[in-house]
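Trainee: Take this structure first; my questions come after.
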């Protein structure tokens, strides 16, 4: 019986530790997303030639990261305060809207990986669709840094 209690306690502690700092967790995820978008933005701007492998790698990162977004775990009530966060209270005022935005990002990035761009024209369409999700969330559910 003691072993069972210890095992359950260890699992509970591990689960808690996984999201011990939701602000840091979501910021790390968003930083990785920014890096992925930044790696292919020069292609969109015409500063670099289209590179299907690089585009697919970035889209996979975005899709993998999108699938990790668990609104309840990464945005628990009370994690909107502090110097290091720019989340808007609108996340908790419109949780359904925020969840819908996250779900759309998950779907759009998964679709982009499933049918990756093969040329500049298809890349422009895909890039626009995927990054419009970023803009939607950042405009609605984030406080602009001053």
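The values are calculated or read from the model by the stated rules, or taken from the named source; none is laboratory data. Quick caveat: nothing in here was measured; it's all calculated off a predicted structure. Positions of Cβ are backbone-derived with ideal geometry, glycine not excepted, and every protein chain shown enters the neighbour counts.
Trainee: Assess whether residue 78 counts as being touching a helix residue (DSSP H, G or I) at 6+ places or on another chain (Cβ under 8 Å) and modelled with pLDDT under 95.
Mentor: no
Trainee: Same structure, new question: Going through 49, 76, 116 one at a time, which residue ends up being buried (at least 16 other Cβ atoms within 10 Å of the Cβ) and assigned to a loop (DSSP other than H, G, I, E, B)?
Mentor: 116
Trainee: Answer yes if at least one residue in region 53-71 is within 17 Å of the chain's Cα centre (by Cα), buried (at least 16 other Cβ atoms within 10 Å of the Cβ), at negative phi and assigned to a loop (DSSP other than H, G, I, E, B), and no otherwise.
Mentor: Yes - at least one qualifying residue is present in region 53-71.
Trainee: Any idea which of 124, 104 is in a helix (DSSP H, G or I) and surrounded by 15 or more Cβ atoms within 10 Å (Cβ to Cβ)?
Mentor: Only one candidate passes the filter, namely 104.
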